[in-house]
Amino acid sequence: MATSVEVIDGAQTRALSVRWIISARDDLVWLIGSVASSYLLLFLYVKGILPLVPMVAAWAILIDAPHVFGTFSRTYFDRTERQNRSRLLWGSLLFFAVGPVMVLAGAGLEFFFLAALWAYYHLVKQHYGFMVLYKKKNNDLAPVDNALDRLLLLFAFNYPFVAFIARDPEAMKRVPAALQAGVNGLATILLAGTIVLALAWLGRQVQRLITGEPLDVPKYLLLGAAIPMHWIVLLTPMPHKPIAIVAILTIYHNLQYHRLIWFHNKKYTAGSAGILPARAESAERQGSSPTVRKGLSPNAAELRQKYGAAELISRRLLYYVAFGILFGLIYQGPRQILGYISLNNGGTEPSFPTQLGISFLWGYAFIHYYLDSKIWRVRRDPSVGKALNMA
C-alpha cells in the first residue's frame, strides 16, 4: 500500500515520498484521477451536448445524494456511532429548521447565499482533508509546510469562486445587496494573495529538493488535479453558470468521497481486520481464544449486532449503491422538482412555498457538512485512523 522511492544524485540522496491513503491504483483513479469527471461534464455542457436540467438532476440523484448517504451510513445507521455520538447526531437534525426559520423571517436571500458559501467551503475543506491525510502518510508535517499548504489552499480555491461571482450577473443577483460592492475588491485581494503564496510555496518545494527533504508526491498530484480544475470551471463562461457549476465542480468531490467511505466502511464487513467480536475480546483478555490467536475476523452476525444497519449497507457494493440511490430519490427528487419550478418561473423570485421547501431540504446537506467536519478527525478519533490504516 505504501512505497518509498529514493533517487541518488551524486553524494546526496533525495527522497520522493510516495505513500497512499488506500493504494496507488485506488488513489490515482478515485482520489486524484476522478477530476476527469469534472472536465468531462464541463466539456459536455459547454458544447451543448448535455442539457442543464438532465445533467443536474441525474448528478444530484445518482451521485451527489448517495455521497450524503455515505456520511449517514457511518453515523445514523451505525449503532455504535449512535451510542457514542448521540448528542452530535440528534442535535444535528436541528439543521432542518434553519432554512425554514430564515425564510419565514424574510431572510430567504441571505439563507441561500450562506448555504451556497457553506457548500463551496465544504468542497474546499474536503480537498484540505485529503491533503492532510497525504501529509500525515508521508510525514510532511513541518510547521512551515503546514502553514504554506493551508494558506495556498485557502487563497487558490477562493479566488476563482469570488471572481466568478464578480463576473457573472446571475451569481451577483444571489449576493445580498450590502455585500455586492465589495466583491470585486475581495477578488483582487485574493488574486494577489494567491500569487504571493504560490511563489512562496514553490520556493519552499525547491528548498526541500535542494536540502534533500522528502517530496510529498501524492500531495502534489492532489493539488495539481484540484486547483486548476476549480480555476478552469469557475472562470469558463457558460449559460446558467450558478446552477451548472454545482454539478461540474462537485462530481469530483463526490467520487473522492464515495471511495473513501467505501474504504472506511470495510470495518463493517466480515473480512475486515482488527475488529474482534465481544466474546473474542473477552477470550483474548483471558488468553484462551484460538480465534484471536489465528487472527480470524468476526462473522457477519456479530458485526451486525455491533453496528446495526451499517453492516447491511456495506456488506455488498450493490447494497451501498442501491440504498444511496433510494436516498437520492427521497432527498434530491423533490429538490430537483422544486429547483426546476424555480428555474422556469420567468426569472422572478421563487414563490414562498418553493423557497420554504428548498430551504428545508438543504437540511440534509447541512447535516452532511457539519458531521463531516466532526467524524474524520484522525488525531482525535483513533478508530478513524485505524479504519483508514493511517498508522
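As a summary of the residue check, Asn146 satisfies the conditions (1) open to solvent by 70 Å² or more (accessible area, probe 1.4 Å); (2) without any contact (Cβ under 8 Å) to a residue 24 or more places away in the chain except for the one numbered (1). In the range 65-85 there is no residue that is farther than 28 Å from Leu388 by Cβ and modelled with pLDDT of 95 or more. If the requirement is being in a loop (DSSP other than H, G, I, E, B) and touching a residue at least 12 places away in the same chain (Cβ under 8 Å), which of these qualifies: Arg377, Arg315, Arg335? Only one candidate passes the filter, namely Arg315.
Looking only at residues that are small (Gly, Ala, Ser) and under 19 Å from the mean Cα position of the chain (by Cα) in the range 337-376, which one is farthest from Ala115 (Cα to Cα)? If we take residues in the range 337-376 being small (Gly, Ala, Ser) and under 19 Å from the mean Cα position of the chain (by Cα), then Ser373 is farthest from Ala115 (Cα to Cα).
Here's the yes/no breakdown for (1) open to solvent by less than 20 Å² (accessible area, probe 1.4 Å); (2) closer than 17 Å to Leu62 by Cβ; (3) of a type in the set (Ser, Thr, Tyr); (4) touching a Gly at 6+ places or on another chain (Cβ under 8 Å):
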{"residue": "Gly333", "(1), (2), (3), (4)": "yes, yes, no, no"}
{"residue": "Ser342", "(1), (2), (3), (4)": "no, no, yes, no"}
{"residue": "Trp362", "(1), (2), (3), (4)": "no, no, no, yes"}
{"residue": "Ile367", "(1), (2), (3), (4)": "yes, no, no, no"}
{"residue": "Lys374", "(1), (2), (3), (4)": "no, no, no, no"}
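Residue-level analysis places Tyr331 outside the set of residues that are out of contact with any His (no Cβ under 9 Å at 6 or more places or on another chain), among the hydroxyl-bearing types (Ser, Thr, Tyr) and at pLDDT below 95.
Before we move on, is Ala60 out of contact with any strand residue (DSSP E or B) (no Cβ under 8 Å at 6 or more places or on another chain), surrounded by fewer than 20 Cβ atoms within 10 Å (Cβ to Cβ) and within 20 Å of Phe366 (Cβ to Cβ)? No; evaluated as a whole, the condition is false for this residue.
The set of residues from the range 105-137 being of a type in the set (A, V, I, L, M) and either closer than 14 Å to Leu153 by Cα or free of Cβ contacts under 8 Å to residues at least 12 places away in the same chain (or both) comprises Ala105, Ala107, Leu114, Leu117, Leu123, Val124, Met131, Val132.
Apart from one condition, Ala322 fits all of (1) open to solvent by 50 Å² or more (accessible area, probe 1.4 Å); (2) under 21 Å from Leu52 (Cβ atoms); (3) modelled with pLDDT of 95 or more; the exception is (2).
Can you list the helices (runs of 4 or more DSSP H) lying wholly within the range 176-278 that have 1 or more residues being buried (at least 18 other Cβ atoms within 10 Å of the Cβ)? Result: 183-211, 217-235, 241-264. Answer yes or no: is there a residue in the range 77-85 that is assigned to a helix (DSSP H, G or I) and either hydrophobic (A, V, I, L, M, F, W, C) or touching a strand residue (DSSP E or B) at 6+ places or on another chain (Cβ under 9 Å) (or both). No, the range 77-85 has no match at all.
Of the residues screened, Leu104 is not one that is crowded, with 17+ Cβ neighbours inside 10 Å and touching a helix residue (DSSP H, G or I) at 6+ places or on another chain (Cβ under 8 Å). Set side by side, the residues Ala187, Ala226, Ala247 differ, and just one is touching a His at 6+ places or on another chain (Cβ under 6 Å) and either in contact (Cβ under 8 Å) with a residue 60 or more places away in the chain or more than 20 Å from Asp27 (Cα to Cα) (or both), which is Ala226.
The values are calculated or read from the model by the stated rules, or taken from the named source; none is laboratory data. The model shown is predicted, which means the values in this text are computed figures rather than measured ones. Don't worry about glycine lacking a Cβ; one is built from the backbone with ideal geometry, like all the others, and counts go over all protein chains shown. What goes into the accessible areas is simple: the full protein's heavy atoms, side chains included, and nothing from ligands, DNA or RNA. Shrake-Rupley method; radii C 1.70, N 1.55, O 1.52, S 1.80 Å.
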